[in-house]
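What follows is calculated from the coordinates using simple rules that are stated; it is not laboratory data. Because the structure is predicted, anything quoted here is derived from the model rather than measured. Please note: Cβ atoms are built from the backbone with ideal geometry, for glycine as well, and neighbour counts cover all protein chains shown.
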Amino acid sequence: MNYTSGHWVVNKYNQYDVCTTDGRMVSYQTSYESLPMEEAKANASLISASPDLYSSLKELLIIAEATPGAQCRVNRARAAIAKAEGR
């Protein structure tokens, strides 16, 4: 899967933007009446955590697949990974 590499962070000057630590833009959001400022900031935080969450879930899936009785969690993890990969 190809996505913008590098560590993603919320832009310290515009808390709606997500960029890499070397300044490359990943996501730009704006706050509208229908999307309160605090919600837009929370969305930016979640987006900035996405690469870390994705790689951690893939690592945990390996452990869960070997754990008896974890099939429901394995299926949910596989579905989330597939969604992140656009499948």
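Mean separation of Cα pairs under 8 Å and 6+ residues apart, divided by the residue count of the chain: what relative contact order is that in percent?
Relative contact order here is 21 percent.
Report the local net charge at Val18: Lys and Arg +1, Asp and Glu -1, summed over other residues whose C-beta lies under 12 Å from its C-beta.
+2
Under 17 Å between alpha carbons, and skipping anything fewer than 8 positions from Lys83 in its own chain: which aspartates and glutamates qualify?
Asp52, Glu59
Rounded to the nearest 0.05, what FRET efficiency do Thr4 and Glu38 give with R0 = 35 Å and r taken as the Cβ-Cβ distance? Could you check?
Efficiency, rounded to the nearest 0.05: 0.85.
Regarding region 8-84, what is the average projected area of its C-alpha convex hull, in nm²?
Mean projected area of the Cα convex hull: 6.4 nm².
For the chain, which span is the longest to avoid every loop-located (per DSSP) member of GluC sites (Glu not before Pro) having at most 11 other Cβ atoms inside 10 Å?
The longest uninterrupted stretch comes out as 34-84.
The chain: longest stretch without exposed chymotrypsin sites (Phe, Trp or Tyr not before Pro) (DSSP loop, at most 15 other Cβ within 10 Å), sites themselves excluded?
29-87
What size of dipole, in debye to the nearest 20, comes out for region 8-84 about its Cα centre when the only charges are +1 on Lys and Arg C-beta atoms and -1 on Asp and Glu C-beta atoms?
Computed charge dipole of region 8-84: roughly 280 debye.
Rank these for me by crowding, Asp22, Asp52, going from fewest to most other beta carbons within 10 Å.
In order of increasing Cβ crowding within 10 Å: Asp22, Asp52.
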